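The values are calculated or read from the model by the stated rules, or taken from the named source; none is laboratory data. This one's a predicted model, so the numbers in the text were calculated from it and none came from an experiment. Methodologically, a virtual Cβ is constructed for each residue, glycine included, from the backbone with ideal geometry; neighbour enumeration extends over all protein chains shown.
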Amino acid sequence: MPITQSAKKALRQSIRRRTHNLKRSSAYKLAAKELAKVAKAGDIKEVSKLLAKVYKAIDKAAKTGVIKKNKAARLKSSAAKLLRLSVK
């Protein structure tokens, strides 16, 4: 356990940041899984609706530093690929 005041505060900050980061991380992962499930079913309207939700979750995760910019771009690209594949 931390002893100094600054170490105690750093621990509190770390715990708070971890919960925020986990929330953002799980949000984009769940959205991506839901999109993949619907894309596999072949519902094009639902896929296009969920694509916006996935983009929003990924952008928020990248903006807050949970994931890096290039990873966000890769995830968005693969999500768009699911839409293209479900259209065919």
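At-a-glance table
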{"item": "Answer residue from the stretch 74-86, given it is over 11 Å from the mean Cα position of the chain (by Cα) and crowded, with 18+ Cβ neighbours inside 10 Å and is nearest to Ala31 (Cα to Cα) among those", "result": "Ala79"}
{"item": "Filtered residues of the stretch 38-73 (kept if surrounded by 12 or more Cβ atoms within 10 Å (Cβ to Cβ), charged (D, E, K, R) and more than 21 Å from Leu22 (Cβ to Cβ))", "result": "Lys40, Asp43, Glu46, Lys49"}
{"item": "Total residues in the stretch 9-48, condition farther than 22 Å from Arg74 by Cβ and either of a type in the set (Gly, Ala, Ser) or at pLDDT below 95 (or both)", "result": "8"}
